[in-house]
Amino acid sequence: MDVAAKAAKAGDRVLSMLAIVLMVIMLAFGGYSLWDTYITMSGAFLGRDLLKYKPSVENPEETRLSLEELLKINPDTRGWITIDGTHIDYPMVQGRDDMEYVNKEVTGEFSLSGSIFLSAYNKADFSDPYMLTYGHHMDNGGMYGDVMEYIDKDYFDKHLTGNLFMPDGRARKMEVFAAIECDAYDHNIYQVDGKKGHIMELVEYLKKHSTNFRDIGMKESDQVMALSTCVSLETNGRVVVLARVNP
């Protein structure tokens, strides 16, 4: 009996130690997860080191100089995009392919939140009739997180303007006209080439399939920019906002 009692006590001590170790591991994992989430989310917004380069609508020369400085930091810089009343206010880059800036920030450093980037299949000078851009869907609204908000009609109606700032100092006005829920295989949205002479075909497609759409008098000669982000709960789900980019 004594042997059995001692064995039982020893077993209890082992189980207690295992329980303590398991609790410590769980607490450590939970702490790491919180820290990792914080780092990822905080990285989705620009720090002071990049905000100082933010362009100005009122001062084209200041914009030109700011983007020149960004180009010195990273030659992949193409411009800066801002959508009024949203968190979308970032420099735009372009990689050698459409994966390069998925987890790399404008400075070239690794970042889970990545960058806002122009498709590698587009011309670097924003001269294509259709321009496709990408950004992560961050739950705190960072990067292209606010693109998801355009599914809501009220939000769509209240956030219709923005600017594409060019390296020469110009601020090209953007007019949002559609928001569509689609998948990553929708060639009408994700095929960049072949749109020349077919912009109105795209507009007609958007009229039929968009979640929200407004008629702004699009013409074949107009340029369109698409802002694409992922839908968290769907592997291939996408939400895309489309805007006319004025000269």
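The values are calculated or read from the model by the stated rules, or taken from the named source; none is laboratory data. Please read these numbers as outputs of a predicted model, since none were measured by experiment. Here Cβ is always computed from backbone atoms with ideal geometry, including for glycine, and neighbour counts include all displayed protein chains. Heads up: the accessible areas ignore ligands, DNA and RNA and are worked out on the full protein's heavy atoms, side chains in. Shrake-Rupley method; radii C 1.70, N 1.55, O 1.52, S 1.80 Å.
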Pair list, Cβ under 7 Å, 6 or more apart: segment 189-213 residue free of Cβ contacts under 8 Å to residues at least 24 places away in the same chain and more than 13 Å from VAL241 (Cα to Cα), other residue open to solvent by less than 50 Å² (accessible area, probe 1.4 Å) and in a helix (DSSP H, G or I)
TYR205/ASN188
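Just give me the residues in segment 118-145 being open to solvent by less than 30 Å² (accessible area, probe 1.4 Å), under 8 Å from the mean Cα position of the chain (by Cα) and of a type outside the set (Ser, Thr, Tyr), in sequence order. It would help to see each step written out before you state the result.
Our first condition is that a residue be open to solvent by less than 30 Å² (accessible area, probe 1.4 Å); within segment 118-145, this holds for 118-119, 122, 126, 128, 130-133, 135, 138, 141-145.
With the extra rule that they be under 8 Å from the mean Cα position of the chain (by Cα), the set shrinks to 135, 138, 142-145.
Answer for segment 118-145, where residues must be open to solvent by less than 30 Å² (accessible area, probe 1.4 Å), under 8 Å from the mean Cα position of the chain (by Cα) and of a type outside the set (Ser, Thr, Tyr): GLY135, MET138, GLY142, MET143, GLY145.
Looking only at segment 90-104, count every residue that is part of a strand (DSSP E or B) and either open to solvent by 30 Å² or more (accessible area, probe 1.4 Å) or free of Cβ contacts under 8 Å to residues at least 40 places away in the same chain (or both) and tell me the total. Spell out how you get there, then give the answer.
Narrowing segment 90-104 to residues part of a strand (DSSP E or B): 90-93, 104.
Restricting the remaining residues to those that are either open to solvent by 30 Å² or more (accessible area, probe 1.4 Å) or free of Cβ contacts under 8 Å to residues at least 40 places away in the same chain (or both) gives 93, 104.
Within segment 90-104, residues that are part of a strand (DSSP E or B) and either open to solvent by 30 Å² or more (accessible area, probe 1.4 Å) or free of Cβ contacts under 8 Å to residues at least 40 places away in the same chain (or both) number 2.
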Which condition number does LYS208 fail, the rest of (1) touching a Lys or Arg at 6+ places or on another chain (Cβ under 6 Å); (2) exposed (fewer than 13 other Cβ atoms within 10 Å of the Cβ) being met?
(1)
Of all residues in segment 105-117 being hydrophobic (A, V, I, L, M, F, W, C) and not in a strand (DSSP E or B), which is surrounded by the most Cβ atoms within 10 Å (Cβ to Cβ)?
VAL106
Which numbered condition ARG238 misses (of (1) over 23 Å from PRO91 (Cα atoms); (2) among the basic types (Lys, Arg); (3) surrounded by 19 or more Cβ atoms within 10 Å (Cβ to Cβ)):
(1)
